[in-house]
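S.K.: Okay, here's the structure, questions in a sec.
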Amino acid sequence: MFSFFVTVLVVIQVIATSGGQSVSDERNQQKACVSAGIPGVPGLPGVNGLPGRDGMKGEKGMNGENGLVGNAGRQGIKGDEGSKGIKGERGLVGDDGGKGNAGKIGPQGPQGIRGEQGTKGETGRKGEKGQAITLNWKQCVWNRVDVKDSGLIQNCNFRKHDNSSALHVAYAGTLGVYCGSQCCSRWYFTFNGNECSGPMTIEGILYGRPANDSPHRHRQIEGYCENIPAGQVTIGFNVGNCNKWTSTIYDGHTGYLSVSRIMIAEVPPSQK
């Protein structure tokens, strides 16, 4: 439509231009030739010009406002129920459940039938008569210092009850040794004047020399002696030179400024 109006305007402009030129020319001719004859009949209108080209495309118009929301439609009719689907495959086996709580104790069952009496066993052999050894012990205590270098320090009498038992003896007190050169003192137990032979002697030694004197210190010597007959036993605590030393230059001290004691106990025989 727009192009049609443009075409009409162009045609009108051409006609107007063409007509204006003709009038102007006629006037000019009249002025030039006043003596000319009567003007002729106007010519026919010229041929219409070709249609002009389309004009440029106009700019895009602005978007219009959104329309109002329409009313909700009615709910449709419920369709027919579909056919039953195919049964699915069997699922995987689940993990084991946790351990459940312990169940209640069930009612006690009826008493069972009493079984037959078993065959009487053979009579066992009579055991050997045991040796009853009651606790039998003693201690002898004194408080003096003895600077004797050789011989008996103290005796302690003890009554032994059983031939098969053993004697546990122990000395507890202060011992020390001094000398001008190398020396060694030995303290040992005797039983009725003899050293223990079951199994070996019960003894202790102290070695000393001027650069390394043996000071007075609390010491303990103890052991078990077997194979001693029952009855009265005189247990002696003695001092002397060490067996491998022949020198008599030594100075043993027993019980320096402290209490000394001999402890004796009769005990059952040793296990084999």
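Values quoted throughout were computed directly from the atomic coordinates according to the rules given, and no laboratory measurement underlies them. These figures come from a predicted structure and were not determined experimentally. Virtual Cβ from ideal backbone geometry, glycine too; neighbours counted across all protein chains shown.
S.K.: Where does the charge balance sit around Y188 when Lys and Arg score +1, Asp and Glu -1, over other residues with C-beta under 13 Å from its C-beta?
M.R.: Residues near Y188 contribute -2 overall.
S.K.: Here is a further query. What is the sum of charges around G255, taking Lys and Arg as +1, Asp and Glu as -1, for the other residues whose C-beta is under 13 Å from the C-beta of G255?
M.R.: +4
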